[in-house]
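**Q** Pasting in a structure now, in structure tokens, and then I'll have a few things to ask.
The values are calculated or read from the model by the stated rules, or taken from the named source; none is laboratory data. Bear in mind the structure is a predicted one, so any value in this text is a computation, not a measurement. Note that we place each Cβ from the backbone using ideal geometry, even for glycine, and neighbour counts take in every protein chain shown.
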């Protein structure tokens, strides 16, 4: 833990915080005030400068203040002490990791994937993977969006490759990548081409 020192003007006033009180020369407080040489004194009292107190909770401000006062080496020393005090996690190949008696089993709940029916209205789902609500992706990267209240009617096909549309007696046959959309008695039929 970084310990900040309290300083106040000799003429009185607020008690400020600073990383270190120098033996000679001016001192810069966390709130940015520069107290001239001989115009301040160190104190054991608790700081009452609201800006200094607020900035004392900001790690980057404290770090900057240490380096501005050329106390960066002190900050580094404190950081290394703190790191040495932390317990290091055991490595995979170490003797500590090899002790099975100390390791507790971890319970992981893996969500099961819901059963997908073989057909969802006009879409034959075999080979498709869900890509969002009502959106399905083929192995070849074709996106098929299903519309309607139950998302069971063919609405849109998105593919950045070659698309072939052929007129048939019942409507339009569309081939895009590995997906084929064909007219059927009830509307359309969307499936992976085999």
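**Q** For the stretch 167-194, what are the residues that are over 43 Å from the mean Cα position of the chain (by Cα) and at negative phi? It would help to see each step written out before you state the result.
**A** Kept after step one, since they are over 43 Å from the mean Cα position of the chain (by Cα), are these residues of the stretch 167-194: 167-173, 182-187.
Selection gives 167, 168, 169, 170, 172, 173, 182, 183, 184, 185, 186.
**Q** Scan the stretch 56-88 residue by residue and report those that are in contact with a helix residue (DSSP H, G or I) (Cβ under 9 Å, 6 or more places away or on another chain), at pLDDT below 70 and in a loop (DSSP other than H, G, I, E, B).
**A** 71
**Q** Then there's this: Count, please, the residues in the stretch 1-32 that happen to be over 12 Å from residue 65 (Cβ atoms) and in a loop (DSSP other than H, G, I, E, B). Outline the logic, then answer.
**A** Step one: filter the stretch 1-32 for residues over 12 Å from residue 65 (Cβ atoms), giving 1, 3, 6-15, 21-26.
Subset that is in a loop (DSSP other than H, G, I, E, B): 1, 3, 10-14, 21-26.
The qualifying residues number 13.
**Q** List every residue pair whose Cβ atoms sit under 8 Å apart, with the two residues 6 or more apart in sequence or on different chains, where the first one lies in the stretch 164-185 and is touching a residue at least 60 places away in the same chain (Cβ under 8 Å) and the second, anywhere, is crowded, with 17+ Cβ neighbours inside 10 Å and not in a strand (DSSP E or B).
**A** Cβ pairs passing all conditions: 184/122.
**Q** What tally of residues in the stretch 154-166 results from selecting those that are over 36 Å from the mean Cα position of the chain (by Cα) and either at pLDDT 95 or above or closer than 17 Å to residue 129 by Cα (or both)?
**A** Residues of the stretch 154-166 over 36 Å from the mean Cα position of the chain (by Cα): 154, 162-166.
Then keep just the ones that are either at pLDDT 95 or above or closer than 17 Å to residue 129 by Cα (or both); that gives 154.
Number of matching residues: 1.
**Q** Further question on the same structure: Return the residues of the stretch 33-55 that are in a loop (DSSP other than H, G, I, E, B) and surrounded by fewer than 17 Cβ atoms within 10 Å (Cβ to Cβ); say none if nothing qualifies. Even if it seems obvious, please write down each step before you answer.
**A** First pass over the stretch 33-55, keeping only residues in a loop (DSSP other than H, G, I, E, B): 33, 36-39, 44-49.
Answer for the stretch 33-55, where residues must be in a loop (DSSP other than H, G, I, E, B) and surrounded by fewer than 17 Cβ atoms within 10 Å (Cβ to Cβ): 36, 37, 38, 39, 44, 45, 46, 48.
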